[in-house]
1. Would you be able to say whether some residue in region A:180-200 is in contact with a Ser or Thr (Cβ under 9 Å, 6 or more places away or on another chain), facing chain B (nearest Cβ under 8 Å) and crowded, with 22+ Cβ neighbours inside 10 Å?
2. Within region B:99-151, how many residues are free of Cβ contacts under 8 Å to residues at least 60 places away in the same chain, more than 9 Å from chain A (Cβ to nearest Cβ) and out of contact with any helix residue (DSSP H, G or I) (no Cβ under 6 Å at 6 or more places or on another chain)?
3. If you check A:Ala218 against the conditions, is it assigned to a loop (DSSP other than H, G, I, E, B) and modelled with pLDDT under 85?
4. Going by what's in this entry, would A:Pro90 be described as within 22 Å of B:Ile267 (Cβ to Cβ) and surrounded by 19 or more Cβ atoms within 10 Å (Cβ to Cβ)?
5. When you go through (1) in contact with a Ser or Thr (Cβ under 7 Å, 6 or more places away or on another chain); (2) among the basic types (Lys, Arg); (3) without any contact (Cβ under 8 Å) to a residue 40 or more places away in the chain one by one for B:Arg43, which number turns out not to apply?
6. Just to verify a result, which residue in region B:115-127, among those that are touching a Ser or Thr at 6+ places or on another chain (Cβ under 8 Å) and assigned to a loop (DSSP other than H, G, I, E, B), is surrounded by the most Cβ atoms within 10 Å (Cβ to Cβ)?
7. Could you look through region A:70-121, keep only residues that are at the interface with chain B (Cβ under 7 Å from one of its Cβ atoms) and of a type in the set (Lys, Arg), and pick out the one that is farthest from the chain's Cα centre (by Cα)?
8. Does region B:221-231 include one or more residues that are at the interface with another protein chain (Cβ under 8 Å from one of its Cβ atoms), under 30 Å from B:Glu42 (Cβ atoms) and crowded, with 23+ Cβ neighbours inside 10 Å?
Amino acid sequence: MQLTPKQKHTLRVLLSWVAGIIMFFPIFWLVLTSFKTELQAISVPPLLFFEPTLENFALVQERSDYFSYAINSVITSFGATLLALLIAIPGAYAMAFWPSRFTKDILLWMLSTKMLPAVGVLMPIYLLVQRAGLLDTRTALVIIFAMINLPIVIWMLFSYFKEVPKEILESARMDGASTLNVITLLLIPLTKGGILSTALLSIVLCWNEAFWSINLTASDAGTLTALVASYSSPEGLFWAKLSAVSTLACAPIVVFGWFCQKQLVQGLTFGAVK
Amino acid sequence: MKSRTIAFLQAPSIVLLLLWMIVPLSMTIYFSTIRFNLLYPERTGFIGLSNYEFFITDPGFVSAVINTLVLVLSVLVITVTLGMALAVLVNFPFRGRGIVRVLLISPFFIMPTVNALLWKNMFMNPVYGLFSVVSTFLGLEPIDWLANFPLGSIIIMISWQWIPFAFLIFMTSLQSQDPEPLEAAALDGANAWQKFRYMTIPHLSRAIAVVIMIQTIFHLSIFAEIFVTTGGGPGFNSTNMAFLIFSQALLQFDAGVASAGGVFAIILANIVAIFLIRLVGKTLVV
């Protein structure tokens with residue numbers, strides 16, 4: 001049977017929606033479960049319609065102060081991103097406009113440091129952080145997150161800076177602008193979009209980082225990933241509560257991601273796919 | 001610009017990354033050659049390579065290496081194939097496309113721990129999970145996913161999270177594909193598969209390189225998903241390198257052996273890195 005173009009179009013629209021709904025379904029189900037009672041959460045067959053309750057959210061808030069964890073997540077993700085940008089912008093600027101014959105190797109080396117598994121250096125980092133008296137502090141997380149993301153941040157900035165015509169910066173320097181002025185008044189405004197998408201990706205990665213926040217924080221600097229982990233073992237059987245805490249932990253970044261998806265797309269491609 | 005200024009601008013990032021790499025690395029190497037068990041702080045001293053010997057002869061070592069590679073490769077194959085299929089599928093104008101796109105990328109923003117717990121409890125639980133409910137409904141025997149297919153289950157979880165990533169990158173790349181040659185090819189009688197194989201895939205080659213590179217970096221050290229679901233088991237069936245070291249360090253408190261494991265993980269990562277950079281690195285650097 002030959003399909004008419006119109007039928008083909010309809011079929012394709014249908015398939016796209018089905019794919020989207022299947023991919024999103026687990027998230028939908030998680031949020032749905034967070035509004036159930038514990039008994040409803042494990043009922044067989046699963047309930048799609050029920051009387052929603054807010055008791056799980058209330059219980060989570062009662063047992064652990066959601067907002068203090070959320071604030072820690074916000075501070076560490078934004079702080080680390082800012083720190084990484086501060087270090088990376090001058091470096092990427094120099095590498096993009098005055099590449100030496102080592103620049104390519106340096107960039108690949110930087111990326112390769114990302115491949116070292118965190119567990120491989122858990123002991124030393126733990127001891128160093130302990131020695132510095134920074135266990136369970138946001139400062140430690142900000143520094144570590146910044147270092148973890150630095151290679152990717154430099155890479156992305158490098159590829160955005162590459163797109164700026166060298167002549168523009170050159171003529172500004174001829175007119176006597178200092179390096180600081182060239183960067184802050186010319187380069188940053190010119191590559192605002194790229195810097196923003198780099199920042200967004202870094203924020204998402206920090207927000208979801210679990211290894212270091214679980215191993216280096218307790219109650220003071222705990223982030224939302226640590227909060228979720230704290231519910232995972234003893235409370236693993238209480239699906240509704242676990243769903244509530246998960247929904248609370250993920251909602252800010254998911255909504256943030258929806259708003260910024262256009263920017264993020266550029267960021268994720270390393271500016272390489274146009 | 002003066003070369004001194006250039007060096008000065010790059011110095012912070014290079015020096016900091018170098019320190020971030022060298023200091024813990026040399027400490028790890030040092031710890032790996034001494035007696036260092038947190039439970040027995042009185043036992044000290046240089047012991048040469050016996051931590052390494054202990055780690056290699058650990059019954060989990062071979063499976064950990066294999067599992068690490070299987071995990072990375074399977075997730076890559078699944079995410080690249082499905083991500084590309086989805087990107088091609090929605091690459092046409094229709095009403096509600098923005099919403100479909102948001103639905104498709106959302107899993108990428110979910111925390112790994114939440115992702116793992118979500119699948120473990122609500123889908124893969126052998127009694128209450130949706131998978132078992134569906135298979136019972138269809139008259140099939142429900143499967144205890146995490147017990148019978150531990151690594152497979154983890155691959156499903158990670159793929160669900162990373163298909164959106166591949167999808168995003170392929171989608172952006174497809175949008176820049178020039179439609180005119182495609183139309184010309186269609187007039188010359190090329191079918192959809194031929195157009196995809198000989199025109200779209202070459203166009204996507206750079207995007208594919210980006211996806212492979214980034215995903216390998218993240219998947220070599222998968223940890224959270226294993227930690228909250230299978231705990232590496234049953235046996236060593238879902239233990240990867242990262243998890244094996246973790247269990248040495250924090251479950252058996254043997255920092256010396258864990259450090260030796262860390263050195264192995266770093267070597268493994270470097271082998272993969274060299275291979276990858278050969279393969280796709282060249283296409284990435286402008």
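The values are calculated or read from the model by the stated rules, or taken from the named source; none is laboratory data. Treat the numbers as computed from the prediction; the structure is a model and nothing was measured. Neighbour counts are summed over all protein chains in view; Cβ atoms, including those assigned to glycine, are modelled from backbone coordinates with ideal geometry.
1. no
2. 10
3. Details: assigned to a loop (DSSP other than H, G, I, E, B): yes; modelled with pLDDT under 85: yes.
Here the answer is yes, as A:Ala218 does meet what is asked.
4. On the way: within 22 Å of B:Ile267 (Cβ to Cβ): no; surrounded by 19 or more Cβ atoms within 10 Å (Cβ to Cβ): yes.
In short, no.
5. Condition not satisfied by B:Arg43: (1).
6. We begin by selecting, within region B:115-127, every residue touching a Ser or Thr at 6+ places or on another chain (Cβ under 8 Å); these are B:116-120, B:122, B:124-126.
Applying the additional criterion that residues be assigned to a loop (DSSP other than H, G, I, E, B) yields B:124-126.
Numbers: B:Met124: 22, B:Asn125: 20, B:Pro126: 15.
Here the answer is B:Met124.
7. That would be A:Lys104.
8. no
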